[in-house]
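Bear in mind that the values in this text are calculations on the coordinates, not laboratory data. Bear in mind the structure is a predicted one, so any value in this text is a computation, not a measurement. Glycine gets a Cβ as well: all are built from the backbone with ideal geometry, and neighbour counts include every protein chain shown.
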Amino acid sequence: MPEPNMPPIHTLRGQRVVLDCDLAALYGVSTKRLNEAVKRNIDRFPSDFRFQLTREENGAVLAQARIQDTQPAEQHALDPNRSQFATGSSRHRDPRFLPFAFTEHGALMAATVLNSTQAVQMSLYVVRSFVRMREELLTTSIVFKRLAQIDKKLLEHDVVLQDVVGKLLPLLNPPPVPSKRRIGFNVGGE
């Protein structure tokens, strides 16, 4: 099976989430069908698995989508046409209904309540997208940790080098010229 585009992952309320319309498109079902299946199994979706966006959060997500829509035309040619999905995408959603956001665990749970072949296959891609993001964050934190260690070492070396330079500078100055004794008969103790 060819790999589909990864769903956009947003950060809302301090969690990485996928919107219901993107998850439904990934699973090959309509947003309405996805939300109906979730409502039938609501006890499997506690608030840390799924939550409804506020109007402000929805506005922020829509603003981000508009920014991404300003990509060059060539990029749009590569993306699937969202209007071809029968999902009621976020652009075509009834404005009275705010979207739901699914966390990693909620997205996986949604795959279990849909009972479609594509949902099972696509749940693997959801897991991989969250795992890939986690790995990238881990890699970034490791790099920052290593940079902090290097910075600390450089500061230690800087102190040692300043000490060495302080000790070497007097050696670079020419030694004082000793006064020469006059040869011959000295009168007056000169």
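How much length, in nm to one decimal, is gained on full extension between PHE97 and LEU168, taken as 0.36 nm per residue of separation minus their Cα-Cα distance? Spell out each step's value before the answer.
Details: separation 71, 0.36 × 71 = 25.56 nm, distance 7.55 nm.
18.0 nm is the gain from fully extending PHE97 to LEU168.
If R0 is 25 Å, what FRET efficiency do you get for PHE144 and ARG66 from their C-beta distance, rounded to 0.05?
Once the sixth-power term is evaluated, E becomes 0.20.
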